[in-house]
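Data first, discussion second: the structure below is written as structure tokens.
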Amino acid sequence: MGRIKKLLAAALLLCITVCFAGCGEEKLVSEDYVESNCRNSNMNAIMKTDTGYYYSQNGSLSLHYYDAKNGKNMYLCNKPECRHEGDEFCAATSDKYQVLETVLYSGNLYINAIEKTETQYEYKLLKASLDGSALSEVVTYLAVDNIGVMPFIYNEYPRCMVMHRNKAFLPYSLCNTNNEEIGYMGTAIYDMESGEVTFLGDKEQGFEVKNCCFTGYGEYLYYVAVQKYKNELCRYNIIDGSVEKFELEKGFRGVYTVVDDNTIFYKRAQTDLCGYYIDTKENVIFDSKDWFGIVTYFDDHSENKPHYGISHAGIDDVISDGEYVYVAENYSFKTNKGVNKYPVADPSQESLDFAEITVLDKTGRFLNSFRLNSKQVLGYEDTFTLHFVDDTVYMQTPFMVYECSKEDFVAGNANFKEVYSQDIGIYSVKENE
């Protein structure tokens, strides 16, 4: 009996020890990156929880929360006396940081930011609690002297932060203060479990090779190595750190999407959509004859021929949500340019102000094609970003976020409805006209 009591006491002591050891510690939950929840240097991904939506602006730090139950927008700061003016007291605003982007991951908001001190630029990963109680610095992953150099955003190809399976991939770029063509860039890799910081390739990588277009899938980070005369699609193994290059068709333009463990769709030349199969290393070119294409007007000085033609404006982007593949003409899912004012040859015709969206299945089979314009939703033209999250498609504009079902969107019935307004500063075409 005495032995049993001793064993029970030991077990109780062990439980108490474990409880106290875990007290105050946050459990890190591994999550997969969602490529189709698009983001760019202007707009963050949709950050949805069971109770509402979080959102923030890039530039100055300003974190917000929309309570779906009460329909209220608020700063993400639970201090009732706070004026949210950027001082150290506020958990939602700060004058210290230049924000590059914000990501919802493992029950917190993580913010990629730069702090300029008297002598340095310090690249930092910040963390904000979802209840608005705290804003803290997680790690300084790069610090450089601020004499003669400055940070800049490389807009030609997207270089957004990716958080995937407890790894944070954090891109940075610096240039000479007098010449933006001189400088270097790199990508820090922060292990959220060990706290270790490593780098993808060289820490100071010259502009002759630019690693960009990051996507997390499975045990890999996929990315494009952009060079002067060619682009290479690579993937970094997050387990052993090895790098693999894929042999794609010549003319790869740096635009791709990972469809599944074995399939990659990518853009070759201007109008070809191709598939690459990892197990067989086979490349295929998909047939696009069923796509609607974009009507372009011309004058061939002949009365017997029509003064218009059907052609592809050129594939701008491609993305997959794991079920469908979406091909965009005259629009980009992942950059900040939105719908282009596509010129036409006949001056009597208006420029094309819509996106042409083609929907394919995972095998590349054509399903539907339709046109999308922010004017249909807003009543005026403005920039927007599409996000594919579960069974919902979101359209984010500078002032409002809208939604429609993915089923309706794929069918070409993009009946977007208001979800929540945004009390932040995002570049707007309407405001800058």
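The values are calculated or read from the model by the stated rules, or taken from the named source; none is laboratory data. Note that the coordinates shown come from a computational prediction; the quantities given were computed from them, not determined experimentally. Glycine gets a Cβ as well: all are built from the backbone with ideal geometry, and neighbour counts include every protein chain shown. To get the accessible areas, we keep the full protein, side chains included, count just its heavy atoms, and leave off ligands, DNA and RNA. Shrake-Rupley method; radii C 1.70, N 1.55, O 1.52, S 1.80 Å.
Points to keep in mind about this one:
- Residues located in segment 118-150, provided they are among the aliphatic types (A, V, I, L, M), closer than 15 Å to Met161 by Cβ and surrounded by 17 or more Cβ atoms within 10 Å (Cβ to Cβ): Leu125, Leu126, Ala128, Val139, Leu142
- Look at (1) in contact with a helix residue (DSSP H, G or I) (Cβ under 9 Å, 6 or more places away or on another chain); (2) more than 30 Å from Ile285 (Cβ to Cβ); (3) of a type outside the set (A, V, I, L, M); (4) surrounded by fewer than 20 Cβ atoms within 10 Å (Cβ to Cβ) and you find that Thr397 fails only one, number (4).
- The residues in segment 380-392 that are among the charged types (D, E, K, R) and either free of Cβ contacts under 8 Å to residues at least 24 places away in the same chain or outside any loop (DSSP other than H, G, I, E, B) (or both) can be counted, and the count is 2.
- Condition met for Phe409 (over 30 Å from Ala92 (Cα atoms) and open to solvent by less than 50 Å² (accessible area, probe 1.4 Å)): yes
- Some residue of segment 234-247 being at pLDDT 95 or above and in contact with a Gly (Cβ under 7 Å, 6 or more places away or on another chain): no
- Looking only at residues of segment 9-55 that are closer than 30 Å to Val258 by Cα and open to solvent by 80 Å² or more (accessible area, probe 1.4 Å), we find that the one that is modelled with the lowest pLDDT is Lys27.
- Selection count, segment 393-420, where residues are at negative phi and either part of a loop (DSSP other than H, G, I, E, B) or among the aromatic types (Phe, Trp, Tyr) (or both): 12
- Exclusive hit being among the charged types (D, E, K, R), open to solvent by 20 Å² or more (accessible area, probe 1.4 Å), within 25 Å of Val226 (Cα to Cα) and at pLDDT 85 or above, set Lys337, Lys281: Lys281
- Note on segment 56-73: residues that are closer than 16 Å to Val401 by Cβ, open to solvent by 50 Å² or more (accessible area, probe 1.4 Å) and free of Cβ contacts under 8 Å to residues at least 24 places away in the same chain total 1.
- For first residues located in segment 169-191 and assigned to a loop (DSSP other than H, G, I, E, B), partners that are not basic (Lys, Arg) and lie 6+ apart or on another chain with Cβ distances below 6 Å form the pairs Thr177/Gly148; Thr177/Met150.
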